[in-house]
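Any read-out appearing in this document is the output of simple, stated calculations on the displayed coordinates, not a laboratory observation. Please read these numbers as outputs of a predicted model, since none were measured by experiment. Cβ sites come from the backbone with ideal geometry, for glycine too, and all protein chains shown count toward neighbours.
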Amino acid sequence: MKTNIWDILSITVLIAAVVVAIIVLTIFANPDSSVNPFPPPTAVPTIFIPSPTATDFQLPPTWTPAPYVQPTIRPTSTPFPTQTPVRLYN
């Protein structure tokens, strides 16, 4: 079987695709890696400057009343049903 130029080119493209996929996954997993051509800028450190004003007074903790529990209402007797007149005409 004779090796054709297209076979060599297809193998080269497949290898290049695998290498590019590995580089993309490396950059996705670690943006600060040395492979990344556009690394994110370094973060500016936060400077803590104490404020010249006094801190505000905090309110005292509030008193929360306990929930009022109503006593259970005793059951009452149910009245007997009464006869209700029915009209079938206007």
Ordering 22-33, 1-12, 72-83 by per-residue average of other C-beta atoms within 10 angstrom, highest first, gives 22-33, 1-12, 72-83
Okay, helix-only estimate at 222 nm for the chain: each DSSP H run of n ≥ 4 adds -39500 (n - 2.57), divide by all residues, round to 500 deg cm²/dmol; what do you get? -10000 deg cm²/dmol
With Cα coordinates, the longest principal axis of the chain makes an angle with the long axis of helix 5-29, in degrees rounded to 10, of 50
Difference of contour (0.36 nm per residue) and Cα-Cα distance, VAL69 to ILE5: 14.0 nm
For the chain, report the % of Cα-Cα distances exceeding 21 Å. 78
How many angstrom lie between the Cα centre of the stretch 16-38 and the Cα centre of the stretch 57-79? 64
For labels at VAL86 and THR62 in the simple 7 Å Cα→Cβ model, what's the distance in nm? 5.8
Subtract the Cα-Cα distance of ILE47 and VAL13 from 0.36 nm times their separation in residues, and report this length gain in nm to one decimal. 7.2 nm
Length gained when the stretch VAL20-THR78 is fully extended (0.36 nm per residue, less Cα-Cα span): 12.5 nm
